[in-house]
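In what follows, a single structure is set out as structure tokens and then discussed.
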Amino acid sequence: MTQNYFEIFNFPVRFNIDLNKLQKSYRIIQSKIHPDKFVSASEIEKKQSLMKSTEINDAYQTLKNPIKRANYLIKINLQSEIKDTNLAPEFLLQQMEWEEHLESIEENKKELKQFELLIKNEYQENLFNLENECDKNKDWDKAMKILNKIQFIDRLNSKINKQINLIETR
């Protein structure tokens with residue numbers, strides 16, 4: 001298949017997509033091309049079904065995840081690999097502050113929960129900004145910078161959740 005992932009599901013090439021429609025489209029397509037439907041088919045048909053099914057799975061996994069979807073969207077619009085990973089010095093300082101704060105509260109569940117809420121809000125705010133840059137402004141360089149922030153925030157949120165889970169399982 002030479003379609004991009006959005007075309008596979010008959011979606012416009014944009015960041016904001018309907019995830020329920022995506023899931024429905026995925027299920028409909030998979031019900032038609034899944035390798036289980038081709039058990040008694042020729043080897044060529046089985047191989048084609050497996051290849052198509054794998055591509056549909058890859059497309060679905062990419063589009064359902066906002067970070068992967070943004071990465072893919074930027075890549076197809078820049079028509080190259082994403083290379084710019086430079087973050088503004090202010091955000092680098094913010095990263096260090098957040099990491100230090102996490103270290104200082106790592107045994108305090110209440111403070112971890114409050115910090116988690118702050119980080120989730122940062123994530124949502126940046127996701128909103130990313131959607132704006134991708135769907136309205138079409139500024140792929142800015143979108144890339146915001147995506148880099150989101151990826152850090154997402155990793156930080158995972159660290160916070162891991163620490164909360166450690167406390168809860170003791």
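Using the structure shown, decide if Lys159 is open to solvent by 30 Å² or more (accessible area, probe 1.4 Å), assigned to a helix (DSSP H, G or I) and either under 30 Å from Gln3 (Cα atoms) or in contact with a Cys (Cβ under 6 Å, 6 or more places away or on another chain) (or both).
Values: open to solvent by 30 Å² or more (accessible area, probe 1.4 Å): yes; assigned to a helix (DSSP H, G or I): yes; either under 30 Å from Gln3 (Cα atoms) or in contact with a Cys (Cβ under 6 Å, 6 or more places away or on another chain) (or both): no.
Judged against the criteria, Lys159 is not a match.
Could you tell me whether Gln94 is assigned to a helix (DSSP H, G or I) and surrounded by fewer than 16 Cβ atoms within 10 Å (Cβ to Cβ)?
On the way: assigned to a helix (DSSP H, G or I): yes; surrounded by fewer than 16 Cβ atoms within 10 Å (Cβ to Cβ): no.
Taking the combined requirement at face value, the residue does not satisfy it.
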Residues that are closer than 30 Å to Glu168 by Cβ, assigned to a helix (DSSP H, G or I) and in contact with a His (Cβ under 8 Å, 6 or more places away or on another chain): does region 108-118 have at least one? yes
In region 120-143, is there at least one residue being buried (at least 16 other Cβ atoms within 10 Å of the Cβ) and more than 18 Å from the chain's Cα centre (by Cα)? no
Over region 1-26, the set of residues free of Cβ contacts under 8 Å to residues at least 12 places away in the same chain, surrounded by fewer than 11 Cβ atoms within 10 Å (Cβ to Cβ) and out of contact with any Phe, Trp or Tyr (no Cβ under 9 Å at 6 or more places or on another chain) is Thr2, Asn20
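Considering region 35-64 alone, what residues qualify as being under 25 Å from the mean Cα position of the chain (by Cα) and open to solvent by 70 Å² or more (accessible area, probe 1.4 Å)? Steps first, answer last, please.
First pass over region 35-64, keeping only residues under 25 Å from the mean Cα position of the chain (by Cα): 50-64.
Leu50, Met51, Lys52, Asp58, Gln61, Lys64, listed by residue number.
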What is the number of the single condition among (1) of a type in the set (A, V, I, L, M); (2) part of a loop (DSSP other than H, G, I, E, B); (3) surrounded by 14 or more Cβ atoms within 10 Å (Cβ to Cβ) that Ile29 does not meet? (2)
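The values are calculated or read from the model by the stated rules, or taken from the named source; none is laboratory data. Everything numeric in this text was worked out from a predicted model, so none of it was measured. Every residue, glycine among them, receives a Cβ derived from its backbone with ideal geometry; neighbour counts consider all protein chains shown. Note: areas computed on protein heavy atoms with side chains; ligands, DNA, RNA excluded. Shrake-Rupley method; radii C 1.70, N 1.55, O 1.52, S 1.80 Å.
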